[in-house]
Structure formats: structure tokens, C-alpha cells
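A short write-up of the structure that comes next.
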Amino acid sequence: MVQYYCPRCGRKDIIKYDKSFNCPECKDEKGMPLEFDKEDFNTIEDKSNILSVQEKLAFIKELGLDKSEKNEF
């Protein structure tokens, strides 16, 4: 079984979900816990390169690839 931990601070006391986990210690700019995809953790060897879900969403938005903002359904 994979032992998940926060790729930012190394904390092992995390909140696990089906496909992701949160670190209650590390927060985004809104004060919300950073969320990480388990698949990223399982496939990216250098854990320091794992982006949080919030960072990935900001990157998508910055590139203009966020279809929800363009009302494309």
C-alpha cells in the first residue's frame, strides 16, 4: 500500500479521499488546504515536482483552456 504524504511539507497526517488527498498544513492563497491527485503521487518520481490541484487549475485558466469560463457545454 502506498504511503501518501504531502509533497510540500512531508506531513504524513493527511486527509485521504478516493482519488486525492489534502494536506491540512499547506494552504493556498485563499487559506484552503492544498489538494493533490493520488495518480500524480503514484507516477511522478520526484515528489517535489507534483502540482496541487489548485496549481493545475490556475495553469489551465492562465493558458485560456478553461472551457467553463467560455460557457462551452
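What net charge is computed for the residues neighbouring Ser20, neighbours being all others with C-beta under 10 Å from the C-beta of Ser20, Lys and Arg scored +1, Asp and Glu -1?
-2
What chymotrypsin sites (Phe, Trp or Tyr not before Pro) in region 1-42 are in a loop by DSSP, with at most 13 other Cβ atoms within 10 Å of the Cβ?
Tyr17
So what is the 222 nm mean residue ellipticity for the chain from helices alone, if each DSSP H run of at least 4 adds -39500 (n - 2.57) and you divide by all residues, rounding to the nearest 500 deg cm²/dmol?
Counting only the DSSP helices, I get -6000 deg cm²/dmol.
Starting from the Cα-Cα distance between Glu62 and Arg8, subtract it from 0.36 nm times their residue separation and give me the gain in nm to one decimal.
17.2 nm
Mind sorting out which of (i) -0.65, -0.69, -1.01, -1.05; (ii) -0.58, -0.62, -0.98, -1.02; (iii) -0.42, -0.48, -1.03, -1.09 is the real log10 I(q)/I(0) by the Debye sum over Cα atoms at q = 0.13, 0.14, 0.23, 0.24 Å⁻¹ computed from the coordinates?
Only one listed value fits the structure, namely (iii).
Roughly speaking, to the nearest percent, how much of the chain's 1.4 Å accessible area is carbon and sulfur?
Details: 2880 of 5590 Å².
Taking all protein chains in place, the chain shows 51 percent carbon and sulfur surface.
Using only Cα atoms, find the angle between the long axis of helix 53-62 and the longest principal axis of the chain, and express it within 0 to 90 degrees, rounded to the nearest 10.
Tilt relative to the chain: about 20 degrees.
So, in the chain, how many Lys pairs have Cα atoms under 12 Å apart, if the pair is 8 or more places apart or on different chains?
For the chain, qualifying lysine pairs total 4.
Within 10 Å of each candidate Cβ there may be at most 11 other Cβ atoms; applying that plus a DSSP loop requirement, which GluC sites (Glu not before Pro) in region 8-62 survive?
In loop regions of region 8-62 (DSSP not H, G, I, E or B), the sparsely surrounded GluC sites (Glu not before Pro) are Glu29, Glu45.
Round to the nearest 0.05 the FRET efficiency obtained for Asp46 and Met1 when R0 = 25 Å and r is the Cβ-Cβ distance. Before the final figure, lay out the partial values.
On the way: r = 21 Å, r/R0 = 0.85.
Between Asp46 and Met1 the formula returns 0.70.
The values are calculated or read from the model by the stated rules, or taken from the named source; none is laboratory data. Keep in mind it's a predicted model, so treat the numbers as computed, not measured. Cβ sites come from the backbone with ideal geometry, for glycine too, and all protein chains shown count toward neighbours. For accessibility, only protein heavy atoms count, side chains too; no ligands or nucleic acids. Shrake-Rupley method; radii C 1.70, N 1.55, O 1.52, S 1.80 Å.
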